[in-house]
Amino acid sequence: MPETWDMSLLIDAATRIHDARGMTGQHLGLEARFMPDRTFIDFVDPANRGAFRRRLIKMQERKLDMVRVRLMTANEGAQEFFAALRDSKVEQQWWLMLEAALRDETPALAALERTGLAEGDEFMMLVEGAARQLDGAVDLMQVRAELLTEKSAGATSPEVRERLENEFNEIVAETAYDNIATRSQPGEYLMLKDRDTPAAAVLDKLGAAAERMSIPSAELGLGARTLPMETLAGEFSQAGIQDALHNLRTDPSQPVQQWQTEPRSWIRPAIRSAAAALSGLLSSRTNR
């Protein structure tokens, strides 16, 4: 028995629409022929985008079969849909199948909105998808709190440390663009930040949380460094993002704007080959 859905959209990892079928005009206000080159995430209720990005990755990994997503429809306002992914004939593109949910059939999505910090490869996949969509609108950001690092483990009681970490986890996740953030190690967070949000605003929230626990901001050792996405020069593969994050985390000797990712080309091997050849030539001349 064939599946029946209200809409089907052919999307890539950045949710860019390549083809569309079904009742897109009725639900989204645009006929199917006008949907290509638009971004599906733009139709998702802003309050639901972070959670949907996580669910989309899990569907791509076959960890979820069907999820719910709240869309901003043309006539009904915010409305929940059931969503599923189906393979397409094009690599790294999937058919996103959507069916409108009855308003009284399922509970509200509010309980599912709090997504917390990403873990492992999920963070990299979230950054890659968002970066391809938002180049120039977001920055990568590192936040450090020396008080929470392993070397400062004895500076506070385990109970206070746990409470502070939980507060920081929540603040970073809520402040990050679409909740795209991770704790890379104790006392260090990596996040995607809206360009219009000053880094100081994030640090102020963290400092205020510490002061509510009678921990002066000066004792936190807070610091932040940002990396404009333009620095990646459009290299939004996970390898390119990994290089940028490595620079952001490990090279405090240079301003971020001057950092360059390691060139992935024939240049370095060619230099090594030329050096080896020159060394052999000099050696043969010496032997003569």
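The values are calculated or read from the model by the stated rules, or taken from the named source; none is laboratory data. Bear in mind that the values here come from a model prediction, so they are computed numbers and not experimental data. So basically every Cβ, Gly included, is an ideal-geometry build from the backbone, and we count neighbours across all protein chains shown. SASA here: full protein model, heavy atoms, side chains in, ligands and nucleic acids out. Shrake-Rupley method; radii C 1.70, N 1.55, O 1.52, S 1.80 Å.
Could you identify the single residue in ARG86, ARG68, ARG54 that is more than 22 Å from LEU117 (Cα to Cα) and either of a type in the set (Lys, Arg) or in contact with a Cys (Cβ under 6 Å, 6 or more places away or on another chain) (or both)?
Only one candidate passes the filter, namely ARG86.
Across segment 74-114, what is the number of residues that are in contact with a strand residue (DSSP E or B) (Cβ under 9 Å, 6 or more places away or on another chain) and at pLDDT 85 or above?
Counting residues in segment 74-114 that are in contact with a strand residue (DSSP E or B) (Cβ under 9 Å, 6 or more places away or on another chain) and at pLDDT 85 or above gives 21.
What's the total number of residues in segment 85-100 that are surrounded by fewer than 15 Cβ atoms within 10 Å (Cβ to Cβ) and not in a strand (DSSP E or B)?
Total meeting the criteria: 4.
Are any residues in segment 7-21 in contact with a Phe, Trp or Tyr (Cβ under 7 Å, 6 or more places away or on another chain) and touching a residue at least 24 places away in the same chain (Cβ under 8 Å), and if so, which ones?
SER8, LEU9, LEU10, ILE11, THR15 - these are the residues of segment 7-21 that are in contact with a Phe, Trp or Tyr (Cβ under 7 Å, 6 or more places away or on another chain) and touching a residue at least 24 places away in the same chain (Cβ under 8 Å).
Quick one: in segment 171-205, of everything that is assigned to a loop (DSSP other than H, G, I, E, B) and surrounded by 15 or more Cβ atoms within 10 Å (Cβ to Cβ), which residue is farthest from the chain's Cα centre (by Cα)?
GLY187
Kindly list the number of the only condition in (1) touching a residue at least 24 places away in the same chain (Cβ under 8 Å); (2) open to solvent by less than 70 Å² (accessible area, probe 1.4 Å) that fails for GLY77.
Result: GLY77 fails condition (1) only.
Determine whether PHE82 is part of a helix (DSSP H, G or I) and either within 15 Å of MET23 (Cα to Cα) or aromatic (Phe, Trp, Tyr) (or both).
In short, no.
What is the residue count in segment 147-170 for residues that are open to solvent by 20 Å² or more (accessible area, probe 1.4 Å) and in contact with a strand residue (DSSP E or B) (Cβ under 7 Å, 6 or more places away or on another chain)?
Residues flagged as open to solvent by 20 Å² or more (accessible area, probe 1.4 Å) and in contact with a strand residue (DSSP E or B) (Cβ under 7 Å, 6 or more places away or on another chain) within segment 147-170 amount to 1.
Checking PRO252 against (1) over 29 Å from GLY50 (Cα atoms); (2) at pLDDT 80 or above; (3) touching a strand residue (DSSP E or B) at 6+ places or on another chain (Cβ under 8 Å): exactly one of these is not met. Which one?
It fails just one condition, (2).
If a residue has to be outside any loop (DSSP other than H, G, I, E, B) and crowded, with 17+ Cβ neighbours inside 10 Å to count, how many in segment 208-224 make the cut?
Total satisfying the criteria: 5.
Only one residue in ARG16, ARG33, ARG53 is basic (Lys, Arg) and open to solvent by less than 40 Å² (accessible area, probe 1.4 Å). Which one?
ARG53
Specify which of the listed residues (MET66, MET72) is under 24 Å from ASP194 (Cα atoms), open to solvent by 30 Å² or more (accessible area, probe 1.4 Å) and in contact with a Phe, Trp or Tyr (Cβ under 7 Å, 6 or more places away or on another chain).
MET72
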